[in-house]
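A short write-up of the structure that comes next.
The values are calculated or read from the model by the stated rules, or taken from the named source; none is laboratory data. Keep in mind it's a predicted model, so treat the numbers as computed, not measured. No Cβ is skipped: glycine too gets one built from the backbone with ideal geometry, and neighbour counts run over all protein chains shown. Keep in mind that these areas ignore ligands, DNA and RNA; they rest on the heavy atoms of the full protein, side chains included. Shrake-Rupley method; radii C 1.70, N 1.55, O 1.52, S 1.80 Å.
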Amino acid sequence: MPPKRKSFLSRILASFFKNSTRTQPSHDQPELELEGISNTRPKRVPSSYAPRTAQDPTSRMSSASRATTSFLSGANDFEMGDINFFGAGYVKEAAVDGLFELLDVILTPRIILTPYLTGWDMLLKNTAPNALHDSNARYDPPKCDEDTRTEVLAEIMGWMEDDESPRRLLLMTGAAGSGKSALQQTTAERCVQKNTLAATFFLSSIDPTRNNAKPVIPTIAYQLGLRNKNLKGRIKEAIEGDPLIFSRSLKSQITSLIVDPCRSLRKHNLRALPSAILIDGLDECSGEDRQAELLNALEEFVLCDALPFRIFIASRPELAVRKMLDLGGGPHEVVYHIQLSDKYDATEDIRRYLWRRLRDIGRRSDDTRARSHLWPTHEDIELLFAGGEA
């Protein structure tokens, strides 16, 4: 049986120690010494790798006495103190110890634990929790008071529940303060009660986590994944297959994170998904080009006939919205438009609101007339209403 060959590292070490032994100074050789300067080595911890034999101090003294060398012959009028001179043997020995310390650092295995991120973890990092309809950041959000905006809410909910209608994108436009966000919030809460809410995203120009288009698609995909564990798995796999998906266009994101995973589900699982997706404040998304990109991506989404979703978007009538509503510039055959204007008479809403608030005040009043179920009267309401119009 042939002898085992030494490893490369073993040969290097053997050669090193062989040379080290050859160059160690003999005790019979003279050592250099400065007169008046200590030639004693400093105390060191002996290396556990290279045990050494203790020297005979008498031998050291005899060798030093036999031959001394002065480096400063002829010099006078100066002092030197606390200086140690080390012979070549000591330097070599220190080098051996240093080599073993270096090898210990190199050869000792070190395990660096890098946390593994699943596709779902990566999705979470790209969502905007503040944009959810029930987010704590939106605590006590605006919503329609009881018995108000009844006409427009009835129209919105009627469109939501009409599965046969080909117009699966609702655009509600109105000026600032017209109640768009309140209608969106109220619609979201009603859809929760009916178990038809799939996802929401409330944009806000004053919140940097939800004032741009980047987190919209990931946040919607996250909510859809929560509704169905099989869909969640498909979304997770899509992200792991393309971890850079969040850097791609919104159209690519909506295809990879929503359309394709949904299409991979069985038909009965797909039809069981909630259908309502609500996006509020499109006009608060920074950049008109990004608003247009988001609308175009959602257009592609609703054109997928195999998917059950209906998208409700509220916005001021910005350029991208006007272009989509233009008969020549968008999918008008799939867009349902509600314009908050004088078409929806709010006078009855105001009367009901006044009556309910006055009844609440009357119940807490010490005046027996105010606590009567006859107060406020119709005349009281009309008087207040007329004063508000004046």
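Listed values, structure above:
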| item | result |
| --- | --- |
| Cβ-Cβ under 8 Å pairs, at least 6 apart or on other chains, the stretch 193-222 side farther than 18 Å from K180 by Cβ and touching a residue at least 12 places away in the same chain (Cβ under 8 Å), far side among the aliphatic types (A, V, I, L, M) and open to solvent by 60 Å² or more (accessible area, probe 1.4 Å) | Y222/L124 |
| Residues (farther than 13 Å from L132 by Cβ and either open to solvent by less than 10 Å² (accessible area, probe 1.4 Å) or in contact with a helix residue (DSSP H, G or I) (Cβ under 6 Å, 6 or more places away or on another chain) (or both)) located in the stretch 195-210 | S205 |
| Of the criteria (1) farther than 17 Å from S204 by Cα; (2) open to solvent by less than 70 Å² (accessible area, probe 1.4 Å), which one D305 fails | (2) |
| Positions within the stretch 89-146 being of a type in the set (D, E, K, R), open to solvent by less than 100 Å² (accessible area, probe 1.4 Å), assigned to a helix (DSSP H, G or I) and at pLDDT 65 or above, in sequence order | D97, D104, D121, R138 |
| Unmet criterion (only one of (1) assigned to a helix (DSSP H, G or I); (2) charged (D, E, K, R); (3) open to solvent by 70 Å² or more (accessible area, probe 1.4 Å)) for K214 | (1) |
| Residues being in contact with a helix residue (DSSP H, G or I) (Cβ under 6 Å, 6 or more places away or on another chain), in contact (Cβ under 8 Å) with a residue 40 or more places away in the chain and either surrounded by 21 or more Cβ atoms within 10 Å (Cβ to Cβ) or under 25 Å from L295 (Cβ atoms) (or both) - total across the stretch 225-246 | 5 |
| Candidates L354, L384, filtered to the one that is outside any strand (DSSP E or B), open to solvent by 80 Å² or more (accessible area, probe 1.4 Å) and modelled with pLDDT under 85 | L384 |
| Residue in the stretch 172-188 that is in contact with a helix residue (DSSP H, G or I) (Cβ under 6 Å, 6 or more places away or on another chain) and open to solvent by 20 Å² or more (accessible area, probe 1.4 Å) present | no |
| Counted residues, the stretch 148-166 - those being closer than 18 Å to L340 by Cβ and either open to solvent by 30 Å² or more (accessible area, probe 1.4 Å) or among the acidic types (D, E) (or both) | 6 |
| Residue identified as at pLDDT 95 or above, part of a helix (DSSP H, G or I) and either touching a strand residue (DSSP E or B) at 6+ places or on another chain (Cβ under 9 Å) or not β-branched (V, I, T) (or both) among L270, L278, L231 | L231 |
| Residues that are surrounded by 20 or more Cβ atoms within 10 Å (Cβ to Cβ) and farther than 23 Å from Y336 by Cβ, drawn from the stretch 257-297 | L257, P261 |
| Tally of residues being assigned to a helix (DSSP H, G or I) and within 18 Å of L325 (Cα to Cα) across the stretch 147-191 | 3 |
| So L197, is it out of contact with any strand residue (DSSP E or B) (no Cβ under 9 Å at 6 or more places or on another chain) and modelled with pLDDT of 95 or more | no |
| Test for I258: is it more than 23 Å from V334 (Cα to Cα), aliphatic (A, V, I, L, M) and part of a helix (DSSP H, G or I) | no |
